[in-house]
Amino acid sequence: MMILREPQASDEVVLRLAHEEVLQDGMNFLLDGFSQDLDFETYLQNVVNTRNGKNLSPDRVRARFLVACVGDEIVGRISIRFSLNEWLSKFGGHIGYAVRPSFRRKGFASEILRLGLVVAKRSQLERVLITCLDENKGSIRVIEKNGGVLESKVVDQGKLLRRYWIDLS
Ligand SMILES: CC(C)(COP(=O)(O)OP(=O)(O)OC[C@H]1O[C@@H](n2cnc3c(N)ncnc32)[C@H](O)[C@@H]1OP(=O)(O)O)[C@@H](O)C(=O)NCCC(=O)NCCS
């Protein structure tokens, strides 16, 4: 069984590793200003601040960052943004997720998004925008399995991006 939970101090080693693993896909596993030379306690405080909408830089919105655990393993993560700024409403969307390479093709991303949608609904979001690259077959499948309806395709930095909405009402 999978659960989504807040990251905690004892996750430091595995989360630093997961971040390096996912960088190879050109993505970040950890957000909220993480870099490997940042003190982990400061990073966790950033996560809490982002959740509470505190000390946000102008380009950031209130958001939750949750790790996805199966047994003792952290297999992936999800980020749920509670509003859309200009960039998010075009390209970024409400939700982003990633699965660590060694845990892929086991249905985990599909379950991460399913559980993340429950969190989004509980947080009063009525519908969510999720975007993914037109070439990202895995993510397209994950979104469509979770009820995503394709609204449009747009070009972001020379790459074709799909924009999907999922109705939570
Ligand atoms: C995209 C990603 C999240 C998929 O994670 P995952 O845990 O492997 O996905 P799932 O196992 O839930 O797979 C869902 C479906 O997509 C299919 N799929 C997954 N990866 C695929 C791939 N590379 N090519 C084709 N199909 C793929 C699976 O077969 C499955 O299909 P099914 O439901 O018909 O059996 C993962 O590859 C990842 O983290 N990539 C880097 C970050 C990223 O792209 N995040 C999404 C940003 S929009």
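Only Lys, Arg, Asp and Glu count, each charged at its Cβ (+1, +1, -1, -1), so figure out the dipole size of the stretch 71-169 about its Cα centre, rounded to 20 debye.
For the stretch 71-169, the charge dipole is close to 200 debye.
For residue 82, what charge total do you get from the other residues with a beta carbon under 10 Å from its beta carbon, if Lys and Arg give +1 and Asp and Glu give -1? Write down the numbers at each step before the final one.
Working: positive: 51, 62, 64, 81; negative: none.
So the environment of residue 82 carries a net charge of +4.
Using a probe radius of 1.4 Å on heavy atoms only, what accessible surface per residue do you get for the chain? Whole Å² is fine.
Each residue of the chain exposes 55 Å² on average to a 1.4 Å probe.
Among 144-150, 111-117, what's the highest-first ranking by average C-beta atoms within 10 angstrom per residue?
111-117, 144-150
Dipole of the stretch 130-169, Cα-centred, from +1 at each Lys and Arg C-beta and -1 at each Asp and Glu C-beta, to the nearest 20 debye?
Numbers: 7 positive and 6 negative charges, 25 e Å.
Roughly 120 debye, rounded to the nearest 20.
Would you calculate the separation in nanometres between label points at residue 141 and residue 84, each defined as 7 Å from the Cα along the Cα-to-beta-carbon direction?
It is 2.7 nm.
Using the Cα gyration tensor of the stretch 95-136, with a ≥ b ≥ c the square roots of its eigenvalues, what is the shape: rounded (a/c below 1.5), prolate (a/b larger than b/c) or oblate (neither)?
Values: a/c = 3.16, a/b = 1.55, b/c = 2.05.
Note, shape of the stretch 95-136 comes out oblate.
At 1.4 Å probe size, put 156, 37, 72, 11 in order of accessible surface, largest to smallest.
Descending accessible area places them as 72, 37, 156, 11.
Ignoring ligands, DNA and RNA, please state the percent of accessible area on the chain from carbon and sulfur, probe 1.4 Å.
The nonpolar share, carbon plus sulfur, comes to 50 percent.
Which of 54/159; 121/159; 90/159; 54/153 have a Cα-Cα distance over 22 Å?
Beyond 22 Å between Cα atoms: 54/159; 121/159; 54/153.
Please report the spacing between the Cα centers of the stretch 6-33 and the stretch 69-136 in Å, no decimals.
The stretch 6-33 and the stretch 69-136 have Cα centres separated by 15 Å.
Could I get the Rg over Rh figure for the stretch 54-169? Both from C-alpha atoms, Rh via Kirkwood, rounded to two places.
With Rg and the Kirkwood Rh in hand, the quotient comes to 0.95.
To the nearest 20 Debye, how big is the dipole of the stretch 1-115 about its Cα centre, given +1 on the beta carbon of each Lys and Arg and -1 on that of each Asp and Glu?
Dipole size: approximately 600 debye.
Under a point spin-label approximation (7 Å from Cα along Cα-to-Cβ), what is the residue 27-residue 55 distance to one decimal in nm?
Result: 2.7 nm between the two label points.
Compute a Gaussian network model of the chain, connecting alpha carbons closer than 10 Å, and tell me which residue from 24, 36, 157 fluctuates the most.
157
The values are calculated or read from the model by the stated rules, or taken from the named source; none is laboratory data. Model, not experiment: these values are computed from the prediction. When we count neighbours, we look across all protein chains shown, and the Cβ atoms used for this are built from the backbone with ideal geometry, even at glycine. Just so you know, the surface numbers come from the protein's heavy atoms only, side chains and all, with ligands and any DNA or RNA stripped out. Shrake-Rupley method; radii C 1.70, N 1.55, O 1.52, S 1.80 Å.
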